[in-house]
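Engineer: Below is a structure I'd like to ask you about.
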Amino acid sequence: MDGERICRALIRLEAESVNFDKLIKEAIRLVYESSPQFHWAGIYELFPDKVLRLGPFWGAATEHVLIQVGQGVCGSAVAEKRNKVIPDVAKEPNYLACSTATKSELVVLIQKCGKIFAQIDIDSHNLSAFDERTVEEVQKVADWLANAYEARARQTKIRK
Ligand code: SME
């Protein structure tokens, strides 16, 4: 997994004036395809009602389209304002199962200056699929996306 390569691809798309929805869809596709260990990858967006809503994703459909802050690995990442690396989901008490094939999970927050916009959620069918290096690379994409979310929020305000 090479986060910088993904960021470079996103910068190119941005230069072609690709719209925000297409940009984040492409970002999560590139993440999903970046490692044979990633079997599901999606973006959950945080809404003011403290609910995470599933945005673009790659992999099997999930019933967890809405997740309350504090609920599951995704919701607790937001509640605790930190990334989550779960090497074995069977040992995680606060875990919402999307697929019985999932063995490990990574959640990286898309945030800037303490404001959480969304998160990248990745599932693997392998145990301990997410080492420190992988988390660092996913973080690069999440940080790039945080700037894109912030710019969109600014644009929306200007238009109002
Ligand atoms: N496992 C997550 C739910 C989302 S699915 O993995 C797609 C959780 O515990 O929050």
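Engineer: Taking Cα pairs under 8 Å and at least six residues apart, what relative contact order does the chain come out at, in percent?
Structural biologist: Relative contact order here is 23 percent.
Engineer: Find the percent of Cα-Cα distances in the range 30-90 that exceed 19 Å, and round it to a whole number.
Structural biologist: 35 percent
Engineer: Could you state the number of Å between the C-alpha centres of the range 13-65 and the range 113-160?
Structural biologist: Cα centres, the range 113-160 to the range 13-65: 10 Å.
Engineer: For the chain, what does the helix formula give at 222 nm: sum of -39500 (n - 2.57) over DSSP H segments with n ≥ 4, over the residue count, nearest 500 deg cm²/dmol?
Structural biologist: -13000 deg cm²/dmol
Engineer: Tabulate in residue order the Karplus-calculated ³J(HN,Hα) for the range 34-48, using 6.51 cos²θ - 1.76 cosθ + 1.60 with θ = phi - 60°, rounded to whole Hz; enter x for Gly and Pro.
Structural biologist: 7, 8, x, 7, 8, 10, 7, 9, x, 10, 9, 9, 8, 9, x
Engineer: What value does the range 1-49 have for Rg/Rh, both radii from Cα atoms and Rh as Kirkwood defines it?
Structural biologist: 1.02
Engineer: Go ahead and set up a Gaussian network model of the chain, Cα springs under 10 Å, then flag whichever of G55, G72, G114 fluctuates most.
Structural biologist: In the Gaussian network model the winner is G114.
Engineer: Helix 132-159 against the longest principal axis of the chain: what's the angle in degrees, Cα atoms only, rounded to the nearest 10?
Structural biologist: 40 degrees
Engineer: How large are Rg and Dmax for the range 3-155 when only the alpha carbon atoms are used, in Å?
Structural biologist: 14.4, 45
Values quoted throughout were computed directly from the atomic coordinates according to the rules given, and no laboratory measurement underlies them. All of these numbers come straight from a predicted model, not from anything done at the bench.
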